[in-house]
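Structure first, then comments.
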Amino acid sequence: MKIVGILVALGLCVLGNANAQKNTVLQTKDFAHYIEFFNSVDDEPVKNAIDNAACWNWMQGNIPWFECPDDEIEQIYYYRWWVYRKHIKETPIGYVITEFLPEVGHSAKYNTIICAAGLHVDEGKWLHNKKYIEDYLRFWFSKEGKTRQYSTWMVTSVYEYCLNVGDFSLAEELFPLFVDNYRKWEESNMHESGLFWSYDDRDGGEHSISGSGLRPTLNAFMYADAMSISKLAQRFGKSELAKEFKLKSEQLKQKTQDKIWDNHDEFFCTLPLEKRDDQIETYDHRQVDVKRHVRELYGYFPWRFMLPDDGYETAWKQILDEDGFYAPYGPTTAEQRHPLFMKNRIKRCQWDGSSWPFATSLTLGGMRNLLHHYDQNVIGKDDFLNFMKIYAHSQHRTLPYGEIIPWIGESLHPHSGIWLSRAIALDMNIKMVARRYWKDKNSAVLRGKDYNHSSYCDLVISGLAGLEIHEDGTISVDPLVPNKSWEWFCLDGIQYQGKTLCVVYDKTGKKYGEKSGLSVLVDGQVVAHSKKLEKLKVKW
């Protein structure tokens, strides 16, 4: 690893479109054709704060820009920002981010749902206008926000947002609510084992083969929130709370590794329990329930939150296995060797094997962390790039007359790429579906259109481009792109503390006219450089 440091003067945070810095290398006009195409194939049935006509101007003032040799990865990067702004909704109390475009009955106020809010923050923390996410986070911790309707990691989202912008004032404002929220989770969901119990359909993907019980999901989320509360308490001079929540996080990590890790299958597997008060008769996963014993993609979520110690990386072999999770439109949400794989997909949206972008997002976030922070040889950069290519390729739909357009929905068939929620709505009794959930038959299909239940742009920025902001005041760039895969790429227009950050890789130096190799630029000045694709650090 090559480390190059430079002290950069601090500046004010960029808060709005008018203050957005100019790009260093990329020209925004070169990407306008994406927005023109997306608008041309969209009938825009729902409009929120930024409609299609205003989208291009909004993007020029808000998003980081990305260019690479892979057409699909690049196209979907801009498509996902195009979709994201559709869900920015202005309300009497500020901005919120929605999950569905049409109103759904199980939503909280303003059509909000907490389930994927953490992924909304993952994406939105890179926007130049910080008001969108700050309003949204304040909403969730207000009296109107239902922070425990689904399993979630909202305290960690606030922590990661504040780290990303270099300002912890929002976390300090909301801090007492973080502690109260955690204690209420303990009251409602703590099992006698010291682990958190949860319903499977509260984890963001309907029903799974393993069912309800002590699951890797909520326990990873609560570990992360306890750790975040401890770090924030230390920062704010609350030493007793810092010690209390550090101990909680350490105990939850150990119990997750001791009880949820299956030594035989080498995987974090659910311990099925129908009710929170049920006792565990044995910790041998294979004896709990043969039908419900299964490896599920959930088992990778702990890495997204840096829960496992070193030594559990063998689990990642399953994501490369075609009997495990690997599929052309995957990864699958359940291992394909299981007898119940994809058995209930027609009845409702299940997590019994179909590919869910929500689960893919957290899994790839875990893979990113594995490559950045763990010493292992199971997964390589080539694997991360391959799964990003699969993920980008899956976000399309073929129209009846053959045209292929970008599309993001709830779940898709891992082998055919057909979006299941849309297919079910069309193939089943449409009137029955409409009566139960939506006002008219068109809404049944619309429900799965431009679905904001996953992340993608963050995985490009923090994974492929490898940008990470650290607690020690450094910024690192560690691209998860193998040396021989791409000859060039550029991430431009990242705003941090009033400065414009740009990451450029140009193998020959001819593409962008910068130095050959990997460079990090701050306000147009090279502050870190290497001839190779390797990790660089910038002292801020």
Residue 225 - would you say it is of a type in the set (Asp, Glu), at negative phi and at pLDDT below 95? no
Please count how many residues of the stretch 200-216 are assigned to a helix (DSSP H, G or I), farther than 18 Å from residue 255 by Cβ and of a type outside the set (Asp, Glu). 1
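Which residue, of 535, 539, 511, is within 26 Å of residue 471 (Cβ to Cβ), at pLDDT 95 or above and either surrounded by fewer than 22 Cβ atoms within 10 Å (Cβ to Cβ) or among the aromatic types (Phe, Trp, Tyr) (or both)?
From the options 535, 539, 511, the qualifying one is 535.
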Under 8 Å between Cβ atoms, at least 6 apart or on separate chains: pull out the pairs that start in the stretch 210-232 with a residue that is farther than 11 Å from residue 245 by Cβ and end on any residue that is charged (D, E, K, R) and assigned to a strand (DSSP E or B). 210/296
Please go through the stretch 102-133 and pick out each residue that is at pLDDT below 95, of a type in the set (A, V, I, L, M) and either farther than 15 Å from residue 152 by Cβ or buried (at least 21 other Cβ atoms within 10 Å of the Cβ) (or both). 104
Checking 359, 315 in turn, the sole residue that is surrounded by 19 or more Cβ atoms within 10 Å (Cβ to Cβ), modelled with pLDDT of 95 or more and within 18 Å of residue 208 (Cα to Cα) turns out to be 359
Restricting to the stretch 150-174, what's the tally of residues that are more than 15 Å from the chain's Cα centre (by Cα) and outside any helix (DSSP H, G or I)? 4
Yes or no: residue 340 aliphatic (A, V, I, L, M), surrounded by fewer than 20 Cβ atoms within 10 Å (Cβ to Cβ) and outside any helix (DSSP H, G or I)? yes
Hey, residue 274 among the acidic types (Asp, Glu), assigned to a helix (DSSP H, G or I) and more than 23 Å from the chain's Cα centre (by Cα) or not: no
Quick one: what pairs do we get from the stretch 353-381, first residue free of Cβ contacts under 8 Å to residues at least 12 places away in the same chain, second among the basic types (Lys, Arg) and surrounded by fewer than 23 Cβ atoms within 10 Å (Cβ to Cβ), C-beta under 8 Å, 6+ apart or different chains? none
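The values are calculated or read from the model by the stated rules, or taken from the named source; none is laboratory data. Quantities reported herein were computed from a predicted structural model and do not represent experimental measurements. Using ideal geometry, Cβ is built from the backbone for each residue, glycine included, and neighbour counts are taken over all protein chains shown.
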